[in-house]
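The values are calculated or read from the model by the stated rules, or taken from the named source; none is laboratory data. Being a predicted model, the structure only gives us computed values, none of them experimental. Counting neighbours? That spans all protein chains shown, and the Cβs are built from the backbone with ideal geometry, glycine included. Quick note on the areas: whole protein, heavy atoms, side chains included, nothing else; ligands and nucleic acids left out. Shrake-Rupley method; radii C 1.70, N 1.55, O 1.52, S 1.80 Å.
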Amino acid sequence: MLNRRRLAFVLVLLAAAAVLASCNLPRQPSPQEIASTAAAETVSAQLTLVSAATPTFPATNTPIPPPATNTPTPPPTLPPPTATPGCSDESQFVSDVTIPDNTVMTPGQNFTKTWRLRNSGSCTWTTAYDAVFVDGNAMGGAASVPLAGTVPPNSSVDISVSMSAPSTNGTYRATYRMRNDRDVLFGTIFYVQILVGPTATPTVVVYRTGHLTIDNSFKADLDAGVITSDSNADIWLHAVTASERYLEPQNGAKFKEMSDTPSYDDCSSASLSNSAVNFTDFSTGSWFCYKTSDGRYGRFEVDDEGTDYISIDFRTWK
């Protein structure tokens, strides 16, 4: 009985071992499994070829330019015109072309006053420069008169203003000055002075009148009303140094500083001297009486002065 049980148990173990061995043995794949495996291998091979054929570029930080537009590029902004760098504006009175000082006129009489000026600076005067009324009675004249053309340095220009004599008898003066393209007044003053009506007629005849600008070391003839270096000179601007300058009578002429606007009688009776006068003893607006080398009496007013010139308004009587 015992032997039968052992035999049965051995048979069961052998059967179980056979079943386990059959599970580990290789088997033939089905047709469906063969087709699926082939397709997967084909796709894998194609992907490998595509990856090998596509070049690989290293990453960069180069910015992508913006798309082009049709917006026009604005023109460059040009600076406004300016005066020549480093130049200076100066003017000098040359002469009265028309209407000498103290010309007698009737009330309401129309006239045109013309002055001749010299560009004594280093800037070129342009049409943006003008002559400007600055003081006195305008007598109907324009407030400003622009230049008609350019005036280079050391050149002269005539400036004219149309005016009308006032309706009341008396003495009238209109004073002008030059103005540059930056609205800055410069240079000597120049004016017209007229006498209206018979009551304003002077009792003494005027021989010569006008404006003169005398530069350092230059001389002036107050009889002829010109800058000169000959024996007819009456006054010399003697510049010893930049800070030491004198007005010196020449060729027998004499003069004296006065406290107010002198008349002919004041000058003819004054104690005139042939001594030099230091620039520190007078200023713009000072009056002088003089006697020329030809023996004529006169007076002048200091209109303007600088480090290298003096400008005077003079009147020489007969």
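Sorted largest first by accessible area at a 1.4 angstrom probe radius, with every protein chain in place, the residues Ser144, Ser286 fall in the order Ser144, Ser286. Taking amide hydrogens as placed 1.01 Å from N in the peptide plane, the amide H of Asn216 sits under 5 Å from those of Tyr309, each at least 5 positions away in sequence or on another chain.
Each residue was assigned an accessible area with a 1.4 Å probe, and for Ile227 the value is about 70 Å². Annotation: amide H of Ser91 within the under-5 Å range of Ser120, Gly187, Thr188, sequence separation 5 or more or interchain, hydrogens built in the peptide plane. Residues Tyr172, Tyr191, Tyr207, sorted by accessible area with the largest first, give Tyr207, Tyr172, Tyr191 [1.4 Å probe; ligands and nucleic acids excluded].
Evaluating 6.51 cos²θ - 1.76 cosθ + 1.60 at θ = phi - 60° for every residue in the range 231-237, the Karplus couplings come out as 6, 8, 5, 10, 9, 10, 8 Hz, glycine and proline recorded as x.
When Lys256, Lys219, Lys113, Lys318 are compared by accessible surface with a 1.4 Å probe, the order from highest to lowest is Lys318, Lys256, Lys219, Lys113.
Just add up the charged neighbours of Phe288: K/R +1, D/E -1, any other residue whose Cβ is under 9 Å from the Cβ of Phe288.
Net of charged neighbours comes to 0.
Local charge for Ser275 was computed over the other residues whose Cβ lies under 10 Å away, with Lys and Arg +1 and Asp and Glu -1, and equals +1. Local charge for Tyr246 was computed over the other residues whose Cβ lies under 15 Å away, with Lys and Arg +1 and Asp and Glu -1, and equals -4.
Carbon and sulfur together cover what percent of the accessible area of the range 150-200 at a 1.4 Å probe radius?
Details: 1010 of 2170 Å².
That fraction is 46 percent.
For the range 260-273, 3J(HN,Hα) computed residue by residue from phi via the Karplus equation (6.51, -1.76, 1.60; θ = phi - 60°) reads 8, 5, x, 9, 4, 4, 4, 6, 6, 9, 6, 7, 7, 9 Hz, glycine and proline entered as x.
State in Å² the accessible area per residue of the range 131-185; use a 1.4 Å probe, count heavy atoms of protein chains only, and round to the nearest integer. Walk me through the numbers on the way to the answer.
Values: 2740 Å² over 55 residues.
On a per-residue basis, 50 Å².
Close amide H partners of Gln109, meaning residues 5 or more places away or on another chain with modelled amide H under 5 Å apart, are Ala165.
Here the Karplus relation 6.51 cos²θ - 1.76 cosθ + 1.60, evaluated at θ = phi - 60°, turns the backbone of the range 113-125 into coupling constants of 9, 10, 10, 10, 10, 10, 6, 9, x, 10, 8, 7, 6 Hz, with x for every Gly and Pro. Distance between the C-alpha centres of the range 137-189 and the range 236-282: 29 Å, rounded to the whole angstrom.
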